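The values are calculated or read from the model by the stated rules, or taken from the named source; none is laboratory data. Note that the structure is predicted; figures quoted are calculated from it, not measured. All Cβ positions, glycine included, derive from the backbone under ideal geometry; neighbour counts span all protein chains shown. All accessible areas refer to the heavy atoms of the entire protein, side chains included, with ligands and DNA or RNA removed. Shrake-Rupley method; radii C 1.70, N 1.55, O 1.52, S 1.80 Å.
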Amino acid sequence: MLWIPGTLIPGHGVASGSGDDRRYPGGTISLQQPFFLQHGIDFSPYFPGTLNVDLAPCKPVPHEPLFDGVIRWFEEIEERFVISPARLRVNGCEHAGLWYYPHPETKPAHHQPDSVVELLMPRIAGLAPGVAVEVQLAISR
């Protein structure tokens, strides 16, 4: 797997519940966590929100997923998710986590550009929009 340079960008705040969208109390990650756990994917080691990394010009597509399926997680919302291993390198330190990929065809709102990946990582101090990072993903070539 290759390291891809990227830049942290602000997200919509929906995954963590910190944004203006109040439809999902506590954020979408907290609401989705029990459904993923039923499929063997444990989000509990990670901050309950996503880090958004712009990898432009790269437009990665997940490969070798740990999970690829549809989850009905909130009222009538049924989404296809792909969850794959990911690593983040920032300031010389590496962190293991997950690439959280809500499939654009089933994601109801809050879309990201094709070059942006959403990562579930442990809480990492000092991160802010504009910080340069490197991401390691399983992607098809």
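Before moving on, here are some points about what is shown:
- Under a model in which nothing but the beta-carbon of Lys, Arg (+1) and Asp, Glu (-1) is charged, the chain shows a dipole of about 260 debye around its Cα centre.
- Here r is the Cβ-Cβ distance between Arg23 and Lys59 and R0 is 35 Å; the resulting FRET efficiency, rounded to 0.05, is 0.75.
- Whole-Å semi-axes of region 1-88's equivalent ellipsoid (Cα gyration tensor): 23, 18, 12
- Shown for the chain: the carbon plus sulfur share of the solvent-accessible area, taken with all protein chains present and a 1.4 angstrom probe, equals 53%.
- The chain: most fluctuating residue of Val116, Val53, Val90 per GNM, C-alpha cutoff 10 Å: Val90
- Coil-residue trypsin sites (Lys or Arg not before Pro) of region 1-107, DSSP, other Cβ within 10 Å capped at 13: Arg22, Arg23
- If R0 is 22 Å, the Cβ-Cβ spacing of Arg72 and Ala96 corresponds to a FRET efficiency of close to 0.15.
- Entry comment: accessible area of the chain is 53 Å² per residue, from protein heavy atoms only and a probe of 1.4 Å.
- Neighbour count of at most 15 Cβ within 10 Å plus DSSP loop: longest GluC sites (Glu not before Pro)-free window in the chain: 1-74
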